[in-house]
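Data first, discussion second: the structure below is written as C-alpha cells.
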Amino acid sequence: MSFRLTEDDLASLALIQDRDLADLAADVDLMPDEVIDRRSLLEAVVPRLLELAMREGLPFSKYDAEDLEALPRVHREALAQAMGWRTSVGAMLRRGKKVYKVYRNERPSSQVPVMLPSVLPILARWAAERRQ
C-alpha cells in the first residue's frame, strides 16, 4: 500500500512555503528536486515522517492538544499505537513533550515540530490506513 494525498490534503497544506517543505523533507532524509512538485514531495515525506515517529516519537507541545483531540479517534489511536504510546491525548502530550525537548536541544532548526500541526491529520490517517 502506498500513501496518496487527497485534494483536500493538498488544499490544507497550500499555505506551506516550498522552502519549509524542502526543509521538512531534509529532516526525514529526502532530497527535494530543484523544482518542487508539492504532491510528490509530500507523498514521500508523510510515510518517512511516520517512520521517524515510530523510531523516535513525535514532538508535541501543550499547543497540540486541540489538534490531537480533533483527530478521528481511530486515527489518533493508530498514530499512538504506531509509536508504542498510550492512546489518550494526555498520554500523547506527556510523551510528546519529552520528544519536543530533544528536538529543541538537539535539532533546534528542525521543521518537524513546526510543521507537525499542519501534517498531523494526514499523518494520523496514514497510520490508520497502514493498519488495515
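Computed from the coordinates by the stated procedures, all read-outs in this text should not be read as laboratory data. What you see is a predicted model, and the numbers here were worked out from it, not measured in a lab. Using ideal geometry, Cβ is built from the backbone for each residue, glycine included, and neighbour counts are taken over all protein chains shown.
Would you check which residues across the stretch 55-88 are part of a helix (DSSP H, G or I) and surrounded by fewer than 18 Cβ atoms within 10 Å (Cβ to Cβ) and list them? Even if it seems obvious, please write down each step before you answer.
Start the filter on the stretch 55-88 by keeping residues that are part of a helix (DSSP H, G or I), which leaves 55-56, 62-70, 73-83.
Selection gives R55, E56, K62, Y63, A65, E66, D67, E69, A70, R73, V74, Q81.
Scanning the stretch 41-50 for residues that are within 10 Å of the chain's Cα centre (by Cα) and either farther than 23 Å from D18 by Cβ or not charged (D, E, K, R) (or both) returns V45, V46, P47, L49, L50. Among residues of the stretch 45-65 that are under 12 Å from L93 (Cβ atoms), those with a Cβ under 8 angstrom from a residue that is among the β-branched types (V, I, T), sequence gap 6+ or separate chain, pair up as G57/V99; L58/V99; L58/V112; P59/V99; P59/V102; P59/V112; F60/V99; A65/V89. Filtering the stretch 87-122 to residues that are in contact with a helix residue (DSSP H, G or I) (Cβ under 6 Å, 6 or more places away or on another chain), of a type in the set (A, V, I, L, M, F, W, C) and within 19 Å of I16 (Cα to Cα) leaves V112, M115, L120, I122. For the stretch 27-47, residues that are farther than 20 Å from R125 by Cα, hydrophobic (A, V, I, L, M, F, W, C) and either surrounded by 14 or more Cβ atoms within 10 Å (Cβ to Cβ) or touching a Leu at 6+ places or on another chain (Cβ under 9 Å) (or both) total 2.
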